[in-house]
Each structure stands twice: as structure tokens, then as C-alpha cells.
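A short worksheet on the structure shown next.
Quick note: the coordinates plus some simple rules give every number you see, no bench work behind them. Computed from a predicted structure; not experimentally measured. Please note: Cβ atoms are built from the backbone with ideal geometry, for glycine as well, and neighbour counts cover all protein chains shown.
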Amino acid sequence: MRLRRKIRVRQHVNPLAQKYQNPVDCPDWEKVYAKLDQPLHLDIGCGRGKFLLEMAWLHQPNWNFLGLEIRAPLVEEANRLRDELGLTNLHYLFCNANISLRSLLSTLPAGSLQRVTIQFPDPWFKKRHAKRRIVQPQLVADLADYLVPGGIIFLQSDVESVAKEMCDRFASHPSFRRQGTGEWLAENPLPVPTEREIATQKKGKPVYRAIFTKVGVEN
Ligand SMILES: C[S@@+](CC[C@H](N)C(=O)[O-])C[C@H]1O[C@@H](n2cnc3c(N)ncnc32)[C@H](O)[C@@H]1O
């Protein structure tokens with residue numbers, strides 16, 4: 001794979017700012033993916049998108065991948081790289097996931113959403129900024145409505161309190177059940193680490209991971 005240009009962007013944007021309150025126009029998915037009727041993996045807050053690029057490369061052509069990201073220049077660059085590699089099962093979309101998720105999911109083929117990842121979301125440490133965190137009750141409810149029964153949500157963070165808050169929000173929704181005994185997962189079950197995950201592990205710091213399953217079928 002060809003190396004990416006490292007484009008410079010603001011480190012954080014405030015998702016509650018007025019300019020991020022407009023829902024995105026839903027793309028014509030038939031034009032986005034070469035094969036629309038196959039499982040979809042959604043990565044919320046995909047950053048530069050390297051995780052999805054590698055996942056889409058590994059799992060072509062049988063899975064589609066969609067990355068949502070609020071920093072537009074990262075999305076532009078990620079789609080440029082996707083095109084360079086000729087991947088037709090991958091798309092990145094600029095949007096505020098807290099505003100646009102429901103309308104996006106409602107336009108995708110029913111039953112396609114099979115896996116969701118939320119990895120190293122911005123922690124927003126100050127108490128008065130906690131509402132800027134991406135895993136809000138409405139986002140959990142929207143995922144519950146569109147994820148297939150048996151579908152999974154994979155969560156990870158390098159901030160234990162943030163990982164715990166994400167888990168508490170999924171656990172308090174009746175559609176989700178946490179896998180395992182409630183301990184953090186020792187390993188990432190996915191074959192590709194994210195950029196933030198690699199950086200965290202290089203520093204020798206812990207990562208807090210959990211998987212939730214959408215109830216409805218036996219796994
Ligand atoms: C710390 S980065 C982690 C990126 C990547 N998931 C990783 O693990 O390397 C969190 C990403 O979520 C994006 N983000 C934060 N709030 C968002 C929102 N409401 N909608 C979409 N993306 C958001 C940020 O712009 C940032 O790129």
C-alpha cells in the first residue's frame with residue numbers, strides 16, 4: 001500500500017458547535033459501493049481512516065466499510081487514498097455522527113449493518129465538555145434500531161473512565177448484552193489496530209476494550 005500524505009488538521013473540533021448541526025445529505029449507496037447487498041462495518045470517528053483502509057483491503061470484496069468523521073480534510077484525504085487503491089467496498093463520510101447517524105442508517109439496505117466500531121473517541125476530560133463525547137444515549141438507541149440481531153459493537157479507549165461510560169451506555173440499553181464476564185478484553189479481536197491504538201501500545205499504556213452483542217439471536 002502506498003504511504004499517505006500526513007495532512008494537518010485541528011486536533012479536536014467541538015461537535016456541539018453550530019456549524020456541525022446540519023445533517024449530511026445521504027449518498028446514493030448504489031453509487032458508493034460496487035456490491036451494496038453485503039455486510040456493512042461502520043467505524044464511528046474514524047480519524048484518518050487507516051484502520052478501515054486495511055480492513056477493507058483484507059475483507060474485499062465480501063464486506064462493505066463506512067467511516068464517519070467530523071474533520072472534513074481527513075475524509076477527503078481518506079477517500080483519495082481509497083480511490084488510489086481502487087477499493088470499491090469502502091467509503092468515508094464527513095458528518096457529525098451524533099446528528100446524522102439515524103438518517104444515514106435509515107437509507108442503507110435493511111439488515112446490512114453487522115459490525116460497529118467506536119475506537120478511542122475524543123475523551124473530553126472536563127466535566128462541562130462531557131456532552132461532546134460521541135457515545136450519547138441517542139447514538140446507542142440509533143445503533144440498537146439498525147444493527148442486525150447478533151451484530152456486534154466493539155469499543156476501545158485508552159481512558160478507562162471513557163471506556164466505562166461507553167460500556168454503561170450500551171449496557172443500559174435493553175438491546176445490547178456485553179460479551180464475557182465484564183472484564184476488559186485482553187486482546188483486540190479485530191485483525192487491524194487503529195492509529196491511536198498503535199500509539200498507545202507503543203507508549204506501553206493500557207487499552208480498555210469491550211464487545212456488545214445485539215440481542216435477538218443465539219450466538
Ligand atoms: C481520538 S480520534 C481516534 C481516531 C481513530 N478511531 C483511532 O482510533 O485512531 C477520535 C476521532 O473521532 C472524531 N469525532 C469526534 N466526534 C465526532 C462526531 N460527533 N462525529 C464524527 N466524528 C467525530 C474526531 O474528529 C477524531 O478523528
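For SER175, SER103, SER157, what ranking results if the residue with the fewest other Cβ atoms within 10 Å of its Cβ goes first?
Values: SER175 17, SER103 14, SER157 26.
Listed from fewest to most nearby Cβ atoms, that is SER103, SER175, SER157.
Using helices alone, what [θ] at 222 nm do you get for the chain, with -39,500 (n - 2.57) per DSSP H run of 4 or more residues, divided over all residues and rounded to the nearest 500? Mind dumping the intermediate values first?
Numbers: 7 runs with 68 residues, N = 219.
Calculated at 222 nm, the ellipticity per residue is -9000 deg cm²/dmol.
Mind jotting down the three principal axis lengths of the chain based on Cα atoms? Whole angstrom, largest first.
That works out to 41, 40, 36 Å along the principal axes.
Compute the length gained on full extension between ARG128 and SER106: take 0.36 nm times their separation in residues and subtract their Cα-Cα distance, giving the result in nm to one decimal.
Here the answer is 4.7 nm.
Using the Cα centre of region 1-116 as the reference point, and only Cβ charges (+1 on K/R, -1 on D/E), how large is the resulting charge dipole? Debye, rounded to the nearest 20. If you can, show how the numbers build up before the last one.
Working: 16 positive and 11 negative charges, 116 e Å.
With Lys and Arg at +1 and Asp and Glu at -1, about 560 debye.
Grab the other residues whose beta carbon is less than 15 angstrom from that of LEU147, score K and R as +1, D and E as -1, and report the net. Show your work: numbers first, answer last.
Working: positive: ARG102, ARG115, ARG169, ARG177, ARG178, LYS214; negative: ASP43, ASP142, ASP145.
After counting each charged neighbour, the total is +3.
Taking the beta-carbon count within 10 Å as an exposure proxy, list TYR20, TYR146, TYR208 from fewest neighbours to most. List each step's numbers first, then the result.
Details: TYR20 15, TYR146 21, TYR208 18.
Result, fewest neighbours first: TYR20, TYR208, TYR146.
How far apart, in nm, are the 7 Å Cα→Cβ label points at ILE7 and LYS19?
Label at ILE7, label at LYS19, 1.5 nm between them.
Would you mind checking LYS19/LYS127; LYS31/LYS203; LYS35/LYS131; LYS31/LYS131; LYS19/LYS205 for any pair whose Cα atoms are more than 32 angstrom apart? Could the numbers behind the result be given before it?
Details: LYS19/LYS127 23 Å; LYS31/LYS203 41 Å; LYS35/LYS131 37 Å; LYS31/LYS131 35 Å; LYS19/LYS205 35 Å.
Distance filter (> 32 Å) returns LYS31/LYS203; LYS35/LYS131; LYS31/LYS131; LYS19/LYS205.
Amide H neighbours of GLY49 under 5 Å, at least 5 residues apart or on other chains, H built in the peptide plane: list them.
Here nothing satisfies the definition.
I need to check one value: relative contact order of region 1-135, counting alpha carbon pairs closer than 8 Å and at least 6 residues apart, in percent.
Details: 200 pairs, mean separation 41.5, N = 135.
After rounding, I find 31 percent.
ASN62: net charge of surrounding residues, Cβ under 15 Å, Lys/Arg +1, Asp/Glu -1, itself excluded? Present the calculation step by step, with values, prior to reporting the outcome.
Values: positive: LYS35, ARG115; negative: ASP37.
Net local charge, ASN62 excluded: +1.
Can you give me the C-alpha center-to-center distance between region 58-137 and region 159-217, rounded to a whole angstrom?
Spelled out, the Cα-based centre of one part sits 17 Å from the other.
Can you sort CYS167, CYS26, CYS46 from fewest to most other Cβ atoms within 10 Å of each residue's own Cβ?
CYS26, CYS167, CYS46
Along Cα→Cβ, 7 Å out, is where each label goes; now give me the distance between the ones at SER172 and THR88 in nm to one decimal.
In this crude spin-label approximation the distance works out to 4.5 nm.
Hey, can you rank 178-188, 134-144 by average C-beta count inside 10 Å, highest first? Mind showing how you got there, number by number?
On the way: 178-188: 11.0, 134-144: 18.1.
Going by the mean number of other Cβ atoms within 10 Å, highest first, we get 134-144, 178-188.
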